[in-house]
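One structure is given here, and the rest of the page talks about it.
No lab work stands behind these numbers, since they all come straight from the coordinates. Small disclaimer: the values here were computed from a predicted structure and weren't measured. Cβ placement follows ideal geometry from the backbone for every residue including glycine, while neighbour counts extend to all protein chains displayed.
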Amino acid sequence: MKLRFLSVIAVAVLLAACAKKPVETAATAVSAPPPAAAPAPPRGPAPDSLEYFNTVVGNMVNFAYDKYDLDAAAQTKLRGQAAWLKQYPARTLTVEGHCDERGTREYNLGLGDRRANAVRTFLIAEGVPTARIKTISYGKERPICVSSDETCYGRNRRGTSVVQ
């Protein structure tokens with residue numbers, strides 16, 4: 001048994017010694033880097049698209065109850081809108097002023113007009129040409145939320161920038 005074990009080991013050693021070593025040449029010594037993968041196509045909407053403006057830049061700012069002044073968050077969003085509009089000078093904008101359901105139709109049309117003009121004035125101050133911005137007030141006629149609670153009211157008090 002011992003002899004058989006030793007002969008198996010001897011045969012294994014002999015076979016290992018007889019194996020050919022690969023010859024290393026200059027071409028095989030330096031391993032070639034793997035081919036570069038093609039860059040992934042960009043994800044999301046194109047930067048000049050309406051979808052990009054609406055989702056990435058943001059097309060809506062909100063207002064406090066019975067107010068038309070722009071808070072810090074609204075100003076930040078409007079600066080982004082102004083930068084986008086300056087980058088794409090062929091685009092024009094209509095700013096819609098909206099209100100919640102409280103108040104008369106006439107009062108809310110006036111408040112919506114003041115909100116739309118507050119947005120327009122801010123964009124003009126940021127360098128967007130006056131001729132590229134129109135305003136319209138819808139008052140309380142086009143709510144995005146129809147519940148009679150403060151959360152819904154807050155969503156309806158808005159200025160919406162619609163790009164053409």
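Which net charge results for the neighbourhood of Phe63, defined as the other residues with beta-carbon distances under 12 angstrom from its beta-carbon, given Lys and Arg at +1 and Asp and Glu at -1? List each step's numbers first, then the result.
Values: positive: Lys67, Arg114, Arg115, Arg155, Arg157, Arg158; negative: Asp66, Asp69, Asp71, Asp100.
Combined, the nearby Lys, Arg, Asp and Glu give +2.
Per q in 0.09, 0.13, 0.14, 0.18 1/Å, what log10 I(q)/I(0) does a Debye calculation on the alpha-carbon atoms of the range 50-163 return? Summing over Cα pairs of the range 50-163 leads to -0.21, -0.44, -0.51, -0.82. Each label was represented as a point 7 Å from its Cα along the Cα-to-Cβ direction; for Asp149 and Lys86 these points are 4.2 nm apart. Here the gap between Thr130 and Glu106, fully extended at 0.36 nm per residue and compared with their Cα-Cα distance, gives a gain of 6.0 nm.
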